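Read the structure below first, then the notes.
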Amino acid sequence: MAIPTEAQALDNAARLLERAEIELTNLPLMERLEGLADSWLSLAQLLRERERI
């Protein structure tokens, strides 16, 4: 499995947050999508830091 780029990680986070906005009536799914988006944002941050080194 290839390591995603920072841009791909940010795109995935944005896509998940857009989907979470649609799920206003399904709070558990909304929270799960937001949690996944947070994971992608954390990965994007790690990839950014890795490129600085």
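The values are calculated or read from the model by the stated rules, or taken from the named source; none is laboratory data. Nothing here was measured: the structure is a model prediction, and the numbers come from that model. Positions of Cβ are generated from backbone atoms using ideal geometry, with glycine treated the same way; all protein chains shown enter the neighbour counts. What goes into the accessible areas is simple: the full protein's heavy atoms, side chains included, and nothing from ligands, DNA or RNA. Shrake-Rupley method; radii C 1.70, N 1.55, O 1.52, S 1.80 Å.
If I compute solvent accessible area with a 1.4 Å probe over the protein chains, what percent of it on the chain is carbon and sulfur? Each step should come with its number before you reach the end.
Details: 2400 of 4220 Å².
Within the chain, the accessible surface is 57 percent carbon and sulfur.
Can you compute the helix-only [θ] at 222 nm over the chain? Use -39500 (n - 2.57) per DSSP H run of at least 4 residues, normalise by all residues, nearest 500 deg cm²/dmol.
-28000 deg cm²/dmol, from helical runs alone.
What whole-number value in Å² describes the accessible area per residue of the chain for a 1.4 Å probe? Show your work: numbers first, answer last.
Values: 4220 Å² over 53 residues.
Ligands and nucleic acids excluded, the result is 80 Å² per residue.
Under 12 Å from a label point 7 Å along Cα→Cβ of Leu46: give me every residue in region 1-33 with its amide N that close.
3-4
Rounding to the nearest 10 and keeping the result within 0 to 90°, find how far the Cα-based axis of helix 6-22 lies from the longest principal axis of the chain.
10
From the P(r) of the chain, could you give the percentage of C-alpha pairs in the tail past 12 Å?
Numbers: 864 of 1378 pairs.
I get 63 percent for the Cα pairs in the chain exceeding 12 Å.
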